[in-house]
Amino acid sequence: MRLGEAEFVGAVREPGQAPPTRLPQIAIIGRSNVGKSSLINALLGRKGLARVSRTPGRTQEIHFYEVGGRFCLVDLPGYGFAKAPAEVRQRWEPLIQSYLSTSRGLAGVILLLDSRHGPSKDDRRMLDFLARLELPTLFVLTKVDKLSRGKRKARMEETRELLEIPEDQLLATSAVSGEGTKSLGDSVLAAVEEA
């Protein structure tokens, strides 16, 4: 799936800092090392655009990627465990909360969940926060290539029940195989059009 020509247009480093764009934005959030940057690269068809690392917590700012001059995909720092200094991790929560609660261009949020594990305590906290803000949210299981078909189906059903979400609000994806990226891209474009 390729949503269009994309380029990095800037970052937000401090709570309250204005985004580097006025275009509609789709934020991608999830635990550290859930695969945010890899999925952004898969959606945009650009391997090295969003920096990927095996070290959790590599993304320490909010990164904006303009797509086709129409909208931005926004890569937020991961929450939960990260191999970053404590003072850096303590800045992330206010930075993330400030962006999600004040950005006027935010058209929706994609909350990534690692398919190999059930939703964590941190995932549930983020879900509650997004619900309080009444932000349109799509849930995406990542790394499904690492599960057998049977486990994948079971994880999808279990996640829908745990989070109490309808079937059409949860997608399964793999940045490695490309599975689910077309459906996710279509959902992103639909959210942008609605905005």
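Figures for the structure shown
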{"read-out": "Unique residue being over 20 Å from residue 38 (Cβ atoms), assigned to a helix (DSSP H, G or I) and either of a type in the set (A, V, I, L, M, F, W, C) or without any contact (Cβ under 8 Å) to a residue 12 or more places away in the chain (or both) when the list is 107, 190", "value": "190"}
{"read-out": "Complete set of residues in the stretch 46-68 that are modelled with pLDDT under 85 and over 21 Å from residue 79 (Cβ atoms)", "value": "46, 47, 48, 49"}
{"read-out": "Residue that is modelled with the lowest pLDDT, among those in the stretch 120-163 that are under 18 Å from the mean Cα position of the chain (by Cα) and assigned to a loop (DSSP other than H, G, I, E, B)", "value": "120"}
{"read-out": "Matching residues in the stretch 110-149 - criterion: being touching a Gly at 6+ places or on another chain (Cβ under 9 Å) and either free of Cβ contacts under 8 Å to residues at least 12 places away in the same chain or of a type in the set (Asp, Glu) (or both)", "value": "114, 121, 122, 123"}
{"read-out": "Close pairs from the stretch 60-71: first closer than 13 Å to residue 41 by Cα, partner among the hydroxyl-bearing types (Ser, Thr, Tyr), Cβ under 7 Å, at least 6 apart", "value": "64/21; 66/21"}
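The values are calculated or read from the model by the stated rules, or taken from the named source; none is laboratory data. Small disclaimer: the values here were computed from a predicted structure and weren't measured. Reconstructed Cβ throughout: ideal geometry from the backbone, glycine too, with neighbour counts over all protein chains shown.
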